[in-house]
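What follows is a set of notes on a single structure, which appears directly below.
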Amino acid sequence: KNTWKSWISQKSRHYSTAGKYQVIKKALLGIYPLSLLLLWFSFVILLLDTEYTIFSSSIFTGVITLKWIIQGRCFTKLKGKNFILFFPFFELFYAILLPVLYYTSEKPRISKWK
């Protein structure tokens, strides 16, 4: 999508049909956003412990750098070079935004027969 508004609208439409997915498909679709949140939360928590500051910083930097390189190549092939520079910030934004969109998108009510 070309604009944030159209992208958010598209994601909301996708989440509105989430109730029709099988449980395993829901779990598989949730793994990536969950792993992003866990990465960021664990990094912040480990930074608070001075004993693990260097270790956690180096692991976190390595993971982000590796993802930056891999997804940077994808962005280049998809002609989205303007996303490469701000990738870590977009990734954090994405990790926070996806659960918000999921829980705020309108889901169709399924009525049950009595």
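Read the figures in this text as sums done on the coordinates, not as results from a lab. Values in this document were obtained by computation on a predicted structure and should not be read as measured data. Because the Cβ atoms are built from the backbone with ideal geometry, glycine has one as well, and the counts that use them run over all protein chains shown.
What does the charge add up to near Gln71, with Lys and Arg as +1, Asp and Glu as -1, over the other residues with Cβ less than 15 Å from its Cβ?
Around Gln71, the charge tally is +4.
Calculated FRET efficiency, Thr3 and Tyr103, Cβ-Cβ r, R0 22 Å, to nearest 0.05?
Between Thr3 and Tyr103 the formula returns 0.45.
Karplus couplings for the range 82-92 from phi (6.51 cos²θ - 1.76 cosθ + 1.60, θ = phi - 60°), rounded to Hz, Gly and Pro as x?
Here the 3J(HN,Hα) series is 5, 8, 4, 4, 9, 3, x, 6, 5, 5, 5 Hz.
Shape of the chain from its Cα gyration tensor (a ≥ b ≥ c, root eigenvalues): rounded if a/c is under 1.5, otherwise prolate when a/b > b/c, or oblate? Could you put the intermediate results ahead of the total?
Details: a/c = 2.66, a/b = 1.52, b/c = 1.75.
Oblate.
So what J values fall out for the range 57-67 if you push phi through Karplus, 6.51 cos²θ - 1.76 cosθ + 1.60 with θ = phi - 60°, rounded to Hz, Gly and Pro as x?
5, 5, 5, 4, 4, x, 5, 5, 5, 4, 5
Say the dipole of the chain comes from +1 at the beta carbon of Lys and Arg and -1 at that of Asp and Glu; which of Val63, Ser35, Gln10 then lies farthest toward its positive end?
Gln10
Please tell me the relative contact order of the chain in percent, rounded to the nearest whole number, where contacts are Cα pairs under 8 Å and at least six residues apart.
45 percent
Any idea what the dipole of the range 1-112 comes to, in debye rounded to 20, about its Cα centre with Lys/Arg Cβ at +1 and Asp/Glu Cβ at -1?
Value, rounded to 20: 960 debye.
Give, in nm to one decimal, the length gained when the segment between Val44 and Trp68 is fully stretched (0.36 nm per residue of separation minus the Cα-Cα distance).
Length gained, Val44 through Trp68: 6.7 nm.
Quick one: of Lys26/Lys79; Lys25/Lys81; Lys20/Lys77; Lys5/Lys77; Lys25/Lys79, which pairs are farther than 28 Å apart, Cα to Cα?
Pairs exceeding the cut-off: Lys26/Lys79; Lys25/Lys81; Lys20/Lys77; Lys25/Lys79.
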